[in-house]
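Okay, so here's the structure we're looking at.
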Amino acid sequence: MLKALSAVLAALPFAFGLIRAVQTGTDVRYVWVAVAAMAGGMIVTAVARGFRRPLKPVSLAAAVFVVSTALAVVAAMLQGTRLGPGLLVVAASFAACFAAASFLSALSRR
(Lines give C-alpha, C1' and ligand atoms only; values in the text may rest on other atoms or scores of the structure.)
Protein backbone atom coordinates (compact mmCIF):
# COMPACT_ATOMS: atom_id res chain seq x y z
CA MET A 1 0.00 0.00 0.00
CA LEU A 2 2.84 2.40 0.83
CA LYS A 3 4.51 1.74 -2.54
CA ALA A 4 1.30 2.59 -4.37
CA LEU A 5 0.83 5.81 -2.43
CA SER A 6 4.47 6.63 -3.07
CA ALA A 7 3.94 6.24 -6.81
CA VAL A 8 0.86 8.47 -6.72
CA LEU A 9 2.75 11.18 -4.87
CA ALA A 10 5.65 10.99 -7.34
CA ALA A 11 3.21 11.32 -10.25
CA LEU A 12 1.49 14.45 -8.92
CA PRO A 13 4.04 17.00 -10.24
CA PHE A 14 3.77 15.46 -13.70
CA ALA A 15 -0.01 15.61 -13.51
CA PHE A 16 0.15 19.32 -12.68
CA GLY A 17 2.62 19.85 -15.51
CA LEU A 18 0.42 18.04 -18.00
CA ILE A 19 -2.67 19.92 -16.85
CA ARG A 20 -0.80 23.19 -17.40
CA ALA A 21 0.38 22.04 -20.83
CA VAL A 22 -3.13 21.05 -21.90
CA GLN A 23 -4.68 24.28 -20.60
CA THR A 24 -2.20 26.55 -22.34
CA GLY A 25 -1.56 24.37 -25.36
CA THR A 26 2.18 25.14 -25.40
CA ASP A 27 3.53 25.71 -21.89
CA VAL A 28 5.44 22.61 -20.79
CA ARG A 29 7.71 24.39 -18.30
CA TYR A 30 6.11 22.64 -15.32
CA VAL A 31 6.84 19.26 -16.90
CA TRP A 32 10.54 20.15 -17.16
CA VAL A 33 10.56 21.43 -13.60
CA ALA A 34 8.98 18.14 -12.49
CA VAL A 35 11.64 16.19 -14.41
CA ALA A 36 14.40 18.19 -12.70
CA ALA A 37 12.84 17.69 -9.26
CA MET A 38 12.49 13.97 -9.93
CA ALA A 39 16.13 13.80 -11.01
CA GLY A 40 17.10 15.36 -7.69
CA GLY A 41 15.18 12.69 -5.83
CA MET A 42 16.72 9.93 -7.91
CA ILE A 43 20.25 11.26 -7.36
CA VAL A 44 19.80 11.45 -3.60
CA THR A 45 18.24 7.99 -3.45
CA ALA A 46 21.04 6.48 -5.55
CA VAL A 47 23.72 8.07 -3.39
CA ALA A 48 21.94 7.02 -0.18
CA ARG A 49 21.74 3.41 -1.33
CA GLY A 50 25.51 3.38 -1.62
CA PHE A 51 25.95 4.04 2.10
CA ARG A 52 26.84 1.14 4.35
CA ARG A 53 24.12 2.05 6.82
CA PRO A 54 20.83 3.05 5.22
CA LEU A 55 19.57 6.55 5.94
CA LYS A 56 16.54 6.93 8.14
CA PRO A 57 13.41 7.68 6.09
CA VAL A 58 13.15 11.20 7.52
CA SER A 59 16.78 11.99 6.65
CA LEU A 60 16.32 10.63 3.14
CA ALA A 61 13.15 12.67 2.63
CA ALA A 62 14.86 15.85 3.89
CA ALA A 63 17.78 15.36 1.52
CA VAL A 64 15.43 14.64 -1.38
CA PHE A 65 13.46 17.79 -0.59
CA VAL A 66 16.54 20.03 -0.56
CA VAL A 67 18.14 18.66 -3.73
CA SER A 68 14.83 18.40 -5.62
CA THR A 69 13.95 21.99 -4.75
CA ALA A 70 17.35 23.23 -5.87
CA LEU A 71 17.22 21.39 -9.19
CA ALA A 72 13.64 22.49 -9.83
CA VAL A 73 14.62 26.13 -9.25
CA VAL A 74 17.59 25.79 -11.59
CA ALA A 75 15.44 24.17 -14.29
CA ALA A 76 12.82 26.91 -14.06
CA MET A 77 15.43 29.66 -14.17
CA LEU A 78 17.10 28.07 -17.20
CA GLN A 79 13.73 28.37 -18.93
CA GLY A 80 13.62 32.09 -18.23
CA THR A 81 11.55 32.20 -15.06
CA ARG A 82 12.63 34.86 -12.59
CA LEU A 83 13.41 33.86 -9.04
CA GLY A 84 10.47 34.81 -6.86
CA PRO A 85 7.80 33.49 -4.54
CA GLY A 86 5.83 31.76 -7.31
CA LEU A 87 8.83 29.82 -8.51
CA LEU A 88 9.80 28.86 -4.97
CA VAL A 89 6.28 27.65 -4.17
CA VAL A 90 6.11 25.47 -7.29
CA ALA A 91 9.62 24.08 -6.79
CA ALA A 92 9.02 23.36 -3.10
CA SER A 93 5.63 21.78 -3.82
CA PHE A 94 7.06 19.47 -6.45
CA ALA A 95 9.99 18.63 -4.17
CA ALA A 96 7.61 17.93 -1.28
CA CYS A 97 5.81 15.37 -3.44
CA PHE A 98 9.07 13.59 -4.24
CA ALA A 99 10.25 13.82 -0.62
CA ALA A 100 7.00 12.30 0.62
CA ALA A 101 7.24 9.59 -2.03
CA SER A 102 10.80 8.74 -0.99
CA PHE A 103 9.77 8.72 2.67
CA LEU A 104 6.93 6.27 2.05
CA SER A 105 9.07 4.14 -0.21
CA ALA A 106 11.80 3.95 2.46
CA LEU A 107 9.20 3.02 5.07
CA SER A 108 7.90 0.22 2.88
CA ARG A 109 11.41 -1.30 2.64
CA ARG A 110 11.78 -1.50 6.43
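The set of residues in segment 32-55 that are over 27 Å from R20 (Cα atoms) and touching a helix residue (DSSP H, G or I) at 6+ places or on another chain (Cβ under 8 Å) comprises V44, T45, A48, P54, L55. Going through (1) within 11 Å of V44 (Cβ to Cβ); (2) of a type outside the set (G, A, S); (3) surrounded by fewer than 21 Cβ atoms within 10 Å (Cβ to Cβ) one by one, T81 falls short only on (1). Could you tell me which of the residues L18, L71, L60 is surrounded by 14 or more Cβ atoms within 10 Å (Cβ to Cβ) and either farther than 16 Å from A96 by Cα or touching a residue at least 60 places away in the same chain (Cβ under 8 Å) (or both)? Among L18, L71, L60, only L18 is surrounded by 14 or more Cβ atoms within 10 Å (Cβ to Cβ) and either farther than 16 Å from A96 by Cα or touching a residue at least 60 places away in the same chain (Cβ under 8 Å) (or both).
If I filter segment 93-102 for residues that are hydroxyl-bearing (S, T, Y) and over 12 Å from the mean Cα position of the chain (by Cα), do I get at least one hit? The answer is no, given that none of the residues of segment 93-102 is hydroxyl-bearing (S, T, Y) and over 12 Å from the mean Cα position of the chain (by Cα).
Taking the criterion of being within 30 Å of R109 (Cα to Cα) and polar (S, T, N, Q), would at least one residue in segment 24-35 satisfy it? Checked against the condition, which is being within 30 Å of R109 (Cα to Cα) and polar (S, T, N, Q), segment 24-35 yields no hits at all. Scanning segment 34-48 turns up no residue that is farther than 19 Å from F103 by Cβ and exposed (fewer than 13 other Cβ atoms within 10 Å of the Cβ). Quick check on V66: is it at pLDDT 95 or above, β-branched (V, I, T) and either within 9 Å of the chain's Cα centre (by Cα) or surrounded by 15 or more Cβ atoms within 10 Å (Cβ to Cβ) (or both)? No.
The single condition from (1) closer than 21 Å to L2 by Cβ; (2) modelled with pLDDT under 95 that F51 fails is (1).
The values are calculated or read from the model by the stated rules, or taken from the named source; none is laboratory data. Note that the structure is a prediction, hence the values are computed from the model and not measured. Methodologically, a virtual Cβ is constructed for each residue, glycine included, from the backbone with ideal geometry; neighbour enumeration extends over all protein chains shown.
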